[in-house]
Amino acid sequence: MIDLNDPDIMSSTEAAKRWHKADDYVRQMYRKTPWKFPKGSIRKFGKQLVVTRQGMEHVTGVTEIQAQEGARRKQVS
């Protein structure tokens, strides 16, 4: 069974915030390059996009921790 409370499953807006991207980043990437998301890592429910951590890592090329560290480095500079 899939646990919808799993933090690895999130809305597109939450994912964008966790990876320090613009709020519409996931929607834009999915609209322009849907093939970049691994099969089963993103799905649309009505108007809402739901994405997995693995999908975000694949599309952005960084883990959530790496994205947070990169954001911290930018703040310090």
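Any chance region 18-31 includes a residue that's aromatic (Phe, Trp, Tyr), more than 10 Å from the chain's Cα centre (by Cα) and buried (at least 17 other Cβ atoms within 10 Å of the Cβ)?
Initial filter on region 18-31 (aromatic (Phe, Trp, Tyr)): 19, 25, 30.
From what is left, the residues that are more than 10 Å from the chain's Cα centre (by Cα) are 30.
Subsequent filtering for residues that are buried (at least 17 other Cβ atoms within 10 Å of the Cβ) retains 30.
Checked region 18-31: at least one residue is aromatic (Phe, Trp, Tyr), more than 10 Å from the chain's Cα centre (by Cα) and buried (at least 17 other Cβ atoms within 10 Å of the Cβ).
Contact map, region 49-70: residues that are under 18 Å from Thr33 (Cβ atoms) paired with residues that are of a type in the set (Asp, Glu), Cβ distance under 7 Å, separation 6+ or inter-chain. Pairs shown: Thr52/Asp8. Of the residues contained in region 47-65, one or more are found to be more than 12 Å from the chain's Cα centre (by Cα) and assigned to a helix (DSSP H, G or I). Looking at this structure, is Lys17 outside any loop (DSSP other than H, G, I, E, B) and either on the phi < 0 side of the Ramachandran plot or modelled with pLDDT of 95 or more (or both)? Yes; evaluated as a whole, the condition is true for this residue. Going by the conditions given, is Arg43 basic (Lys, Arg) and assigned to a helix (DSSP H, G or I)? Criteria not met by Arg43.
Checking region 36-46 against the condition returns no match, with no residue being touching a residue at least 40 places away in the same chain (Cβ under 8 Å) and buried (at least 18 other Cβ atoms within 10 Å of the Cβ).
Kindly indicate the residue of region 54-70 that is surrounded by 15 or more Cβ atoms within 10 Å (Cβ to Cβ) and aliphatic (A, V, I, L, M) and also farthest from His20 (Cα to Cα) among those meeting that condition. Across region 54-70, the extreme among qualifying residues is Val59.
Here's a check for you: in region 1-10, which residue that is out of contact with any strand residue (DSSP E or B) (no Cβ under 6 Å at 6 or more places or on another chain) and closer than 27 Å to Arg73 by Cβ is modelled with the lowest pLDDT? Going through the qualifying residues, I end up with Pro7.
The values are calculated or read from the model by the stated rules, or taken from the named source; none is laboratory data. Note that the structure is a prediction, hence the values are computed from the model and not measured. When we count neighbours, we look across all protein chains shown, and the Cβ atoms used for this are built from the backbone with ideal geometry, even at glycine.
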